[in-house]
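Right, one structure below, let's go through it.
Readers should treat all values here as calculations from the given coordinates under stated rules, not as data from a laboratory. Keep in mind it's a predicted model, so treat the numbers as computed, not measured. Note that each Cβ is placed from the backbone with ideal geometry, even for glycine, and that neighbours are counted across all protein chains shown.
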Amino acid sequence: MERGLVVAERTDEHRALLREAGEHAKGANAELVLLRLMTEAEYEADAETLASIGSVENVSYDSRAVLDAAANDLQKMARDVLPENAGVETVAKATDEDDIATAVLDTAADHDCDHVFVLGRRRSPAGKALFGDVAQRIVLDFDGYVTLNTG
């Protein structure tokens with residue numbers, strides 16, 4: 001592994017996934033790209049928060065500022081989760097792309113990642129057939145290794 005992509009959110013399960021990816025990256029002397037996928041509700045809530053700060057300080061924030069703030073939050077989480085002596089280089093990015101699998105695959109391609117770390121949900125085969133499965137699509141469409149942690 002030279003560069004891995006970790007899809008992470010603000011949950012304990014994602015912190016564990018990031019810790020696991022950090023161990024792999026440390027052992028391979030690799031970099032990690034951290035990706036925060038924001039739902040529309042999260043995006044709107046963060047935009048509202050930034051707007052209220054902006055009105056106090058007479059500063060306006062655009063959509064890029066919302067995504068940058070989410071990426072900075074993810075970078076902070078990485079500093080908290082990964083030990084200082086791990087020596088793992090990280091870069092964080094956030095997106096509000098509706099198609100999660102496409103966002104993950106595009107980000108992995110944009111950053112030349114050769115490994116993806118993602119959480120999956122346990123579903124029955126019928127549930128996968130009826131509703132699709134983002135993790136399954138990533139596993140099938142990504143041209144590299146995928147670590148799928150189902151918690």
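Would you mind calculating the gained length between Asp80 and Glu20 on full extension (0.36 nm times residue separation, minus the Cα-Cα distance), in nm to one decimal? Display every interim value, and only then the final one.
Working: separation 60, 0.36 × 60 = 21.60 nm, distance 1.37 nm.
Here the answer is 20.2 nm.
To the nearest 0.05, how large is the calculated FRET efficiency for Arg10 and Asp68 if R₀ is 22 Å and r is the Cβ-Cβ distance?
0.85
Roughly how many nanometres apart are two label points built 7 Å out from the Cα toward the Cβ at Leu140 and Thr102?
For the pair Leu140/Thr102, the computed spacing is 1.7 nm.
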